[in-house]
Amino acid sequence: MKVFERIVDLKNELFQLRKQGKTIGLVPTMGALHDGHASLIRRSVQENDATVVSVFLNPTQFNDKNDLERYPRTLEADCKLAETCGADYVFAPSVSEIYPTPDTRHFEFPPQSTVMEGAKRPGHFNGVCQVVSRLFYITRPNRAYFGEKDFQQLAIIRLMTKRYHPSVEIVACPIVREESGLAMSSRNVLLSDSQRKVASHIYAVLAEGRQFVPNTPVAELKECTIAAIEQKPELKVEYFEIVDGNTLQNIEKWDDASYVVGCITVYCGKVRLIDNI
């Protein structure tokens with residue numbers, strides 16, 4: 001496996017592969033790789049001739065500098081995991097390499113980009129689209145792999161790709177969970193052992209709530225879910241929305257959409273965790 005820090009070196013390498021008619025898979029990450037990322041890498045390795053794993057902690061998608069500073073950085077371990085999973089390349093550029101000048105492009109995809117994370121983290125999805133679009137221009141992948149844990153992000157990336165990078169196939173991969181049910185996330189390493197146990201309560205409540213569909217009104221199930229999660233004093237729900245999985249707009253009745261998703265963000269102490277069902 002080769003590790004590249006410079007765009008020009010990676011582009012030259014991938015140019016030679018494309019000349020040979022080989023397919024390229026891209027797994028964009030912000031580092032601190034875990035088994036969820038490993039599932040994306042292995043899928044790409046199965047479906048492409050070559051796999052690039054990008055490891056780049058993108059500052060433009062953080063609207064909270066403290067959150068950016070707390071985010072774990074584990075490049076050496078990330079490279080080992082990527083290699084173990086069969087990746088051919090790791091692309092680990094500096095911020096100045098990705099953004100030699102400020103990226104002034106503005107991406108907006110209402111109504112999907114203005115609700116939930118879009119409302120709580122202004123500018124977040126613009127930053128996500130900036131870096132993903134940049135990575136697509138650099139690597140020109142046939143396929144790019146994203147996890148369904150970041151459900152809204154996946155929806156926005158699909159919209160951005162359809163508009164600006166239609167030749168790239170977006171491959172969605174299922175959420176990978178710890179034995180406790182906690183969705184795997186790079187942020188989980190910031191949890192103490194006791195917090196990790198408490199955080200598993202989030203998915204337990206979401207999963208239990210499914211049995212009340214469709215006989216419990218949507219609004220009532222939302223209230224009950226939030227109350228059940230906040231029975232644990234360490235957990236504070238930022239939002240829980242039950243939405244049409246395509247438009248990401250809230251539903252009022254279960255038959256308002258054929259594809260319904262519950263999206264939640266919960267603080268466990270200072271650690272912000274997202275999940276969906």
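The values are calculated or read from the model by the stated rules, or taken from the named source; none is laboratory data. Everything numeric in this text was worked out from a predicted model, so none of it was measured. FYI the Cβ positions are ideal-geometry reconstructions off the backbone, even for glycines, and counts take in every protein chain you see. Ligands, DNA and RNA are stripped out before the accessible areas are found, and what is left, the full protein with its side chains, is counted by its heavy atoms. Shrake-Rupley method; radii C 1.70, N 1.55, O 1.52, S 1.80 Å.
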Residue within the range 193-210 that is open to solvent by 20 Å² or more (accessible area, probe 1.4 Å) and outside any helix (DSSP H, G or I) present: no
All helices (runs of 4 or more DSSP H) inside the range 31-130 with 1 or more residues being small (Gly, Ala, Ser) and closer than 30 Å to Val243 by Cα: 35-47, 117-120
Selection count where residues are buried (at least 17 other Cβ atoms within 10 Å of the Cβ) and outside any helix (DSSP H, G or I), scope the range 148-166: 3
Thr74 closer than 20 Å to His165 by Cβ, among the hydroxyl-bearing types (Ser, Thr, Tyr) and open to solvent by less than 60 Å² (accessible area, probe 1.4 Å): no
Which listed residue is at pLDDT below 95 and either more than 30 Å from Leu159 (Cα to Cα) or under 19 Å from the mean Cα position of the chain (by Cα) (or both), from Val205, Val266, Val189, Val243: Val189
Matching residues, the range 247-269, being assigned to a loop (DSSP other than H, G, I, E, B) and free of Cβ contacts under 8 Å to residues at least 40 places away in the same chain: Ile251, Glu252, Lys253, Ala257, Ser258, Tyr259
Any hit, the range 5-27, residues being exposed (fewer than 14 other Cβ atoms within 10 Å of the Cβ) and within 28 Å of Thr247 (Cβ to Cβ): no
Single residue of the range 122-147 satisfying the filter (crowded, with 17+ Cβ neighbours inside 10 Å and free of Cβ contacts under 8 Å to residues at least 60 places away in the same chain) that is nearest to Ile7 (Cα to Cα): Arg134
